[in-house]
1. Which whole-Hz ³J(HN,Hα) couplings does the range 10-22 yield from phi under the Karplus relation 6.51 cos²θ - 1.76 cosθ + 1.60, θ = phi - 60°, glycine and proline marked x?
2. So what are the ³J(HN,Hα) numbers for the range 76-82, from phi and the Karplus equation (6.51, -1.76, 1.60; θ = phi - 60°), rounded to whole Hz, Gly and Pro as x?
3. If you add up the charges near residue 57, with Lys and Arg at +1 and Asp and Glu at -1, over every other residue whose beta carbon is less than 14 angstrom from its beta carbon, what do you get?
4. For a quick check: with amide H placed at 1.01 Å from N, whose amide H comes under 5 Å from residue 5's, ignoring anything fewer than 5 positions away on the same chain?
5. Quickly work out the residue 48-to-residue 124 label distance, labels modelled 7 Å from Cα along the C-beta direction, and quote it in nm with one decimal.
6. Nearest 20 debye, what's the magnitude of the dipole of the range 71-113 about its Cα centre given +1 on Lys and Arg Cβ and -1 on Asp and Glu Cβ?
7. With the contact rule set at Cα under 8 Å and sequence spacing of 6 or more, what percent relative contact order holds for the chain?
8. Using 18 Å as the cut-off for backbone N distance, which residues of the range 48-81 belong to the label zone defined by a point 7 Å from the Cα of residue 16 along Cα→Cβ?
Amino acid sequence: MQVYKTRAKKFHGTHFQIVHKQALGLYTEIKKKSKRRTYIRSAYFEKDKIFLDLYWHHLFEKSNWRDRVRRMQYYGCAIELLQNSHFKPNSTKNPNKPSEMLYRFYGVTAENELFCVQIKENLKKKQKFLISIFPAEGPIFY
């Protein structure tokens, strides 16, 4: 497993309002650059678009507020990872939907904290969506 080292630090704070303000600020900056759906271009997928709006829907399905904050803290790091990483992710077909492929990218923040970014690709439409960001556990390899 190859891990991308980001320069970005995770968002500081433990309260939802503080972390949400930082993450939403970054999201709105990206949103201003696109006319329709918010996206970023990925280095690994040869500058294909990765749409970001599904992440927010998935995040607010979580009932635990602490879990939401913990996941949002890595949002800036995840955006940098997706834009710059050329490392091969772990990929599997979705067992529930054979028309979808799931990718997991691993990264390390500037504070050496391991995190994971999950991307879903619709194989029929060739669209990619950011689904989830969460801290990962395990040894760190560079």
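What follows draws every value from the coordinates through simple rules; no lab data is involved. From a predicted model like this one, the values you see are computed outputs, not experimental measurements. Every residue, glycine as well, gets a Cβ built from its backbone with ideal geometry; the counts of neighbours run over all protein chains shown.
1. So the J values, rounded to whole Hz, are 6, 5, 8, x, 10, 8, 4, 4, 5, 6, 5, 4, 5.
2. x, 5, 5, 4, 4, 4, 5
3. Overall, the nearby charge balance is +3.
4. 108
5. 1.7
6. For the range 71-113, the charge dipole is close to 300 debye.
7. 31
8. Output list for this probe position: 55-75.
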